[in-house]
1. At a Cα cut-off below 29 Å, give the lysines reachable from LYS162, other chains included and same-chain residues fewer than 8 away excluded.
2. Quickly work out the ILE19-to-VAL76 label distance, labels modelled 7 Å from Cα along the C-beta direction, and quote it in nm with one decimal.
3. Mind checking the full-extension length gain between ARG57 and LEU88? Use 0.36 nm per residue of separation minus the Cα-Cα distance, one decimal, nm.
4. Check which residues have an amide H placed less than 5 Å from MET69's amide H, if you skip close sequence neighbours.
5. Over the range 26-91, what relative contact order in percent results from Cα pairs under 8 Å that are six or more residues apart?
6. For the range 155-162, what does the Karplus curve 6.51 cos²θ - 1.76 cosθ + 1.60, with θ = phi - 60°, yield as ³J(HN,Hα) per residue in whole Hz, taken in order and with x for Gly and Pro?
7. Taking neighbour Cβ counts within 10 Å as the exposure measure, how do THR140, THR22, THR72 sort from fewest upward?
Amino acid sequence: MVQFKDLNQLQRYMERGDIINTIFKDKNIEKVLAKEMSKAVRDVVYARYTPKQYIRRGDDGGLSDMRNMHITKVEVDGGKVRVLFENLTLGQTRYLPIYEHDYDSKHGQFITDIIEDGYKDSGDWYRRGVWSESRPFVQTTIERIQANPAPLINAIKSAYRKIGFEVK
C-alpha cells in the first residue's frame, strides 16, 4: 500500500489521471448518478404531461433509461476533480398509428438539451405546447444529490477501497 508523508504528496498522487479515472470507472458511482437522474426524469419530464402523438420509451431506451446515462469525462484541474455525467439518449419518436406520417426532426440526435432547455423553435403554432417547455431534469438531479450526497459519497469511498485505499 502506498503511504504519504503529507496531504500535498497525496494530492500530487491523486492528480495523476490514471488514479482518478480508475476510481470513476467504478460502475457503482455511475449507477448512483443514473438512479437519481432517472427519478428526476420521471418527476420533472414525464409527470409534466402525457403525450398524445407518440409513445414514450421510458426505461426501454428512453430518457429515464439508466443504460443511456454515463460518466463520459473525468479530469483533475487545480486540485479539483470534474466529472462529466451525461444522458446520451437519442431522439426516436414512436408515433401512434394515426401520426406515423409526421417527421421527427430530432431522430438520431441527443435530446437532453432540448428537454432541459425547452424547444426554442420559432416555427408554426402546432410546434409549441407543454412538450416544448423547459423541463430541467439535470438541474433537479444536481439539487437532489446535493441535498442527499450520502449514496454518492459511499459509492466513491467504495471505489477508493477497491483500489487499495483505506477510507473512513
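Throughout, read-outs are computed from the coordinates displayed, never taken from laboratory work. All of these numbers come straight from a predicted model, not from anything done at the bench. Backbone-built Cβ (ideal geometry, glycine too); neighbour counts: all protein chains shown.
1. Within the straight-line cut-off, LYS162 pairs with LYS5, LYS25, LYS27, LYS31, LYS35, LYS39, LYS73, LYS80.
2. 0.5
3. Value of the extension gain: 9.8 nm.
4. Amide H neighbours of MET69, under 5 Å, 5+ apart: LEU88.
5. 29
6. Along the range 155-162, the couplings run 5, 5, 4, 4, 5, 4, 4, 4 Hz.
7. THR72, THR22, THR140
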